[in-house]
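These notes are about the structure you will find just below.
The values are calculated or read from the model by the stated rules, or taken from the named source; none is laboratory data. Note that this is a predicted model, so its numbers are computed, not measured. Heads up, the Cβs are rebuilt from the backbone with ideal geometry, glycines too, and the neighbour counts pull from every protein chain shown.
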Amino acid sequence: MPDLKLVVPIKQVPDIENVRFDEEEGRIDRSSAETETNPFDLNALEEAVKLKEKFGGEVITLSMGPSQAKSTLRNSLARGADQAILLSGSGFAGADTWSTSYTLASAIKKIGDFDLIFCGEKTVDGDTGQVGPEIAELLDIPHVSFVSKIRERNNDNLIVETDLWDKIYVKKLVFPGLVTVTKDVNEPRLPTLKDKMKAKKAEIDEWGPGVLKDYGNEDNFGYLGSPTAVDKVEVPEEEVRKGEIFRDKPSESARKLVSRLKDRGLGR
Amino acid sequence: MSYEEGSGVWILAEQENGEIHSVSYELLGRGKELSENLNTELCSLFLTPDSQNAEELIYRGSDKVYLMEDENFDRPDEILYKKNIERLVEEKKPEIILVGATNFGRSLAPRLAASLETGLTADCTGLEIDEEEDFVQIRPAFTGNILAHIYTDRSPKISTVRYKEFKEAERNKNREGEIITLEPIIEDNKENSSIMEIISPEEEINLEDAEIVVSVGQGLKDPEDLGLIKDLANSFEGVLGASRPLVDEGWISREHQVGYSGKRVKPRLYIACGISGAPQHLAGMKESDIIVAINTDPSAPIFNYADYGVVGDMYDVIPELVKQLSKD
């Protein structure tokens with residue numbers, strides 16, 4: 001079977017467990033937490049690397065972001081990617097999902113001649129889950145979202161499982177195509193120390209808006225190319241309930257709880 | 001192609017085998033208010049293998065139903081749906097399009113928005129018209145930690161809308177509206193992406209629609225003990241849920257998973273047994289009407305979100321609960 005050229009767009013995100021939100025200013029304090037690779041993207045990368053190991057070929061990761069995002073790309077090299085490209089430049093800044101998809105699609109056109117694109121289901125910061133399918137549309141290729149299992153690879157297609165309408169659909173995706181994967185698809189391996197050391201020294205390619213001008217219209221990049229804008233951000237007050245806590249012996253706690261629930265029309 | 005300004009609020013009536021998904025009635029409920037605010041019409045798009053439920057969309061508030069009937073719409077084929085919706089959008093130029101944030105909706109809407117070169121706001125929980133008659137889309141981001149208010153400066157403005165966030169439109173059999181039947185474009189793109197097989201889950205569980213959910217987490221010591229939780233669920237005629245670690249362990253199938261990467265639930269009663277309350281789990285259940293937590297650790301975060309808490313070992317508390325509930 002022919003070997004595979006696989007592209008994995010990845011994103012650097014703040015560590016969502018620790019990032020703080022400024023309730024008064026209504027903004028995200030990005031300096032409050034370390035960054036990491038979007039966890040869902042690690043599943044996408046792992047799946048691409050597994051296919052490469054089995055069938056040969058190459059894995060190229062792609063990230064749009066400031067130069068700090070290089071650490072995320074290095075991490076992808078340590079995890080088995082062969083080439084990493086950073087899309088960076090002020091012209092890309094402030095992009096919404098459509099503009100981000102457009103920019104990534106333009107870069108993938110420049111990469112050219114790929115078989116499959118692997119995306120995570122969503123990012124933990126933007127949380128939209130729409131960049132994958134938008135890239136597929138802009139490249140005019142088919143896609144399958146929410147892939148929980150890759151069954152097999154044939155000469156020119158992939159057989160995958162996806163959850164739709166409360167059932168599992170087994171779909172055939174002909175190359176070139178795009179999949180977005182859920183966390184169920186695999187358990188990403190941790191990079192070895194040796195791989196990490198090697199990735200530290202690796203070259204990361206950097207492409208600015210000018211590099212992509214033959215592959216996309218620059219007017220569509222960044223803030224100015226974005227159809228949507230965030231007007232304001234609310235940090236909703238953490239809804240804490242004035243819970244009634246029972247600490248009696250089990251039978252007594254159970255009796256009290258059942259009586260409260262019955263008062264509220266629950267339970268027989 | 002996007003345009004400067006359109007008119008009309010459209011909703012996509014999602015169906016499976018011609019049965020309309022109830023999120024569509026919620027879209028009609030909210031869509032009606034938006035269309036009244038904007039003084040415009042409310043239309044449903046109904047692409048279906050079976051048109052017999054089209055009237056239902058009129059009863060629920062549609063002024064018009066754009067109906068395309070073809071057996072191929074029984075397949076969740078994003079490209080086929082996108083082509084047909086796009087053609088109609090370009091002809092009629094609606095201002096707003098609402099799509100349910102189901103897996104299919106979240107897979108289809110991005111293709112539509114990308115192709116129309118317009119904005120799409122995902123997973124909205126609020127949809128408003130501001131004083132300047134602009135459409136504001138409100139959505140959670142950062143794993144539910146913030147709410148972003150988003151404007152779109154082109155048309156159509158497209159949103160996917162979270163299930164169970166808005167009230168269903170009331171049904172009125174006397175309402176009148178127009179059903180406009182259109183010939184769909186059916187191209188055979190089965191070559192590129194085709195459905196080989198459809199597997200129904202071994203057990204039908206519908207967590208998202210359940211009135212009562214009884215969930216279990218890492219307090220469970222052995223998969224054999226799931227019977228205990230099932231007994232409690234049965235006492236309430238509720239559905240069994242679980243936190244991610246149990247699914248990862250293979251102790252329970254992932255159809256039961258509640259949380260950020262599982263199902264989001266909003267039942268009348270949610271009972272969390274031996275669940276500490278990690279943010280990923282809370283994101284999937286904290287909007288439940290009544291939350292009960294049973295946990296040995298009094299400092300477990302779940303107690304902050306609970307209306308009632310029992311500090312104790314679920315292995316002791318649950319049998320007592322079952323006993324009490326079986327009493328008259």
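Key figures
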item	result
From B:S51, B:S7, B:S44, residue being of a type outside the set (D, E, K, R) and buried (at least 24 other Cβ atoms within 10 Å of the Cβ)	B:S44
Filter pass, A:F146 being facing chain B (nearest Cβ under 8 Å), buried (at least 21 other Cβ atoms within 10 Å of the Cβ) and out of contact with any His (no Cβ under 8 Å at 6 or more places or on another chain)	yes
Complete set of residues in segment B:149-167 that are of a type outside the set (F, W, Y) and either closer than 22 Å to B:E133 by Cβ or at pLDDT 95 or above (or both)	B:H149, B:I150, B:T152, B:D153, B:R154, B:S155, B:P156, B:K157, B:I158, B:S159, B:T160, B:V161
Segment A:134-177 - residue that is out of contact with any Pro (no Cβ under 9 Å at 6 or more places or on another chain) and of a type in the set (F, W, Y) and, of those, farthest from A:G112 (Cα to Cα)	A:F146
Filter result for B:S107 (over 16 Å from B:L27 (Cβ atoms), surrounded by 19 or more Cβ atoms within 10 Å (Cβ to Cβ), among the polar types (S, T, N, Q) and in contact (Cβ under 8 Å) with a residue 12 or more places away in the chain)	yes
Of residues in segment A:149-164 being facing chain B (nearest Cβ under 10 Å) and of a type in the set (S, T, N, Q), the one surrounded by the most Cβ atoms within 10 Å (Cβ to Cβ)	A:T162
Pairs with Cβ under 6 Å, 6+ apart, first in segment B:309-328 and more than 7 Å from chain A (Cβ to nearest Cβ) and in contact (Cβ under 8 Å) with a residue 12 or more places away in the chain, second surrounded by 19 or more Cβ atoms within 10 Å (Cβ to Cβ) and in a helix (DSSP H, G or I)	B:I318/B:L232; B:V322/B:L232; B:V322/B:S235
Boolean, B:P223 is more than 13 Å from chain A (Cβ to nearest Cβ), within 28 Å of A:T162 (Cβ to Cβ), surrounded by fewer than 17 Cβ atoms within 10 Å (Cβ to Cβ) and free of Cβ contacts under 8 Å to residues at least 60 places away in the same chain	yes
Residue ranges of strands (runs of 3 or more DSSP E) in segment A:1-61 with at least 1 members within 30 Å of A:E238 (Cα to Cα)	A:12-14, A:20-22, A:27-29, A:35-37
Criterion (away from every other protein chain (no Cβ under 14 Å), assigned to a loop (DSSP other than H, G, I, E, B), over 30 Å from B:V322 (Cα atoms) and not charged (D, E, K, R)) met by exactly one of B:I179, B:I185	B:I185
Segment B:70-95: number of residues that are crowded, with 19+ Cβ neighbours inside 10 Å, over 25 Å from A:V144 (Cβ atoms) and either of a type in the set (D, E, K, R) or out of contact with any strand residue (DSSP E or B) (no Cβ under 8 Å at 6 or more places or on another chain) (or both)	1
Selected residue (criterion: nearest to the chain's Cα centre (by Cα)) from residues of segment B:16-41 that are crowded, with 22+ Cβ neighbours inside 10 Å and within 17 Å of B:G100 (Cβ to Cβ)	B:V23
Among the candidates B:N234, B:N206, residue that is surrounded by fewer than 19 Cβ atoms within 10 Å (Cβ to Cβ) and under 20 Å from B:E287 (Cβ atoms)	B:N206
Residues being more than 9 Å from chain A (Cβ to nearest Cβ), farther than 16 Å from A:E234 by Cα and outside any loop (DSSP other than H, G, I, E, B) - total across segment B:112-157	4
Qualifying residue in segment B:295-307 (condition: in contact (Cβ under 8 Å) with a residue 12 or more places away in the chain, assigned to a loop (DSSP other than H, G, I, E, B), at the interface with chain A (Cβ under 9 Å from one of its Cβ atoms) and crowded, with 19+ Cβ neighbours inside 10 Å)	yes
Cross-chain or 6+ apart pairs with Cβ under 6 Å, segment A:240-267 first and more than 7 Å from every other protein chain (Cβ to nearest Cβ) and more than 18 Å from B:G238 (Cβ to Cβ), then at pLDDT 90 or above and crowded, with 20+ Cβ neighbours inside 10 Å	A:K256/A:F246
Segment B:120-139: number of residues that are crowded, with 20+ Cβ neighbours inside 10 Å and under 16 Å from the mean Cα position of the chain (by Cα)	6
Residues that are touching an Asp or Glu at 6+ places or on another chain (Cβ under 8 Å) and modelled with pLDDT under 95, drawn from segment A:105-123	A:T123
Residue in segment A:31-49 that is of a type outside the set (A, V, I, L, M), over 24 Å from A:L77 (Cβ atoms) and surrounded by fewer than 20 Cβ atoms within 10 Å (Cβ to Cβ) present	yes
Test result for B:D248, free of Cβ contacts under 8 Å to residues at least 12 places away in the same chain and of a type outside the set (S, T, N, Q)	yes
Residue match in segment A:114-130 (condition: closer than 20 Å to B:P76 by Cα, out of contact with any helix residue (DSSP H, G or I) (no Cβ under 7 Å at 6 or more places or on another chain) and at the interface with another protein chain (Cβ under 10 Å from one of its Cβ atoms))	no
Test: A:V7 is crowded, with 23+ Cβ neighbours inside 10 Å, closer than 16 Å to A:P191 by Cβ and away from every other protein chain (no Cβ under 14 Å)	no
Looking only at segment A:231-260, and only at residues there that are among the aliphatic types (A, V, I, L, M) and at pLDDT below 90, the one that is surrounded by the fewest Cβ atoms within 10 Å (Cβ to Cβ)	A:V240
Selection status of B:A242, at pLDDT 90 or above and under 22 Å from A:K262 (Cα atoms)	no
Exclusive hit being of a type outside the set (S, T, Y), crowded, with 23+ Cβ neighbours inside 10 Å, in contact with a helix residue (DSSP H, G or I) (Cβ under 6 Å, 6 or more places away or on another chain) and away from chain A (no Cβ under 11 Å), set B:G284, B:G217, B:G274, B:G259	B:G274
Index of the failed condition, B:E237 passing every other in (1) in a loop (DSSP other than H, G, I, E, B); (2) free of Cβ contacts under 8 Å to residues at least 24 places away in the same chain; (3) of a type in the set (D, E, K, R)	(2)
